[in-house]
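Coordinate-derived values only; no laboratory data. The structure presented is a predicted model; accordingly, all values stated were derived computationally and were not measured. Ideal geometry is used to build each Cβ from the backbone, glycine not excepted, and the neighbour counts take in all protein chains shown.
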Amino acid sequence: MVFKRRDRRSIISILMRFFWPKGGWKRAFHYVNYRLRRLPDSSQKISRGIWAGLFATFTPFYGLHFLTAAIIARLLKGNILAALLATFFGNPLTYVPIGVISLQTGHYFLGTDYIPPGEGGKSILEKFLDAGADLQQNILAFVRGVETDWSRLEIFYQEVFFPYMIGGIIPGLMMASLGYYLSEPIIRAYQNRRKGFLLKKLRALKSRSSDKTGKKK
């Protein structure tokens, strides 16, 4: 194949890159920050996109955070690319605290009990895997015409998905709003400084051009 990698990576290497990107998380953060500041849009629209991306990371729609962020950004008339970049706030280093905070908040508001993994309960990842296996088995069961069993998916919905969705709203709103109010003045100041630099450079080019024209005369 034309686009096939010459150095085929192992599964361990792929997992390592997922949890620790090339260059480290600090470099990845600086890259996202650099891209956000240089987006060709107003600071308000970029910040609204950041709001959408940050809020999306507190939803239980894993694997669909890009799509969720893009839809929210579109509704808010924000910058969609900024929303996609802001979803990188959700990464292997932050998913665990985000999940725990959202679940505990959701169970608190719903009046249900949150059972930590160390006290007899399964981890969030295990429940996600159970739900995925349940869904896969039931699809195969439907094709084969045998009886389906949705018990694990029902447990996942009641113990993880719904509490996560409810509990992620308040911390999601707080983090998204904090991101908006911190990023908007920084982006606006950067854009104004960049405009000033470009105008100064343009004036210098015009001055050189007029000097050359005067000399020719």
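Structure notes:
- Computed E for L129/L76 - FRET, C-beta separation, R0 45 angstrom, nearest 0.05: 0.85
- With the highest mean first, a sort of the peptides 50-58, 171-179, 97-105 on other beta-carbon atoms found within 10 angstrom per residue produces 50-58, 97-105, 171-179.
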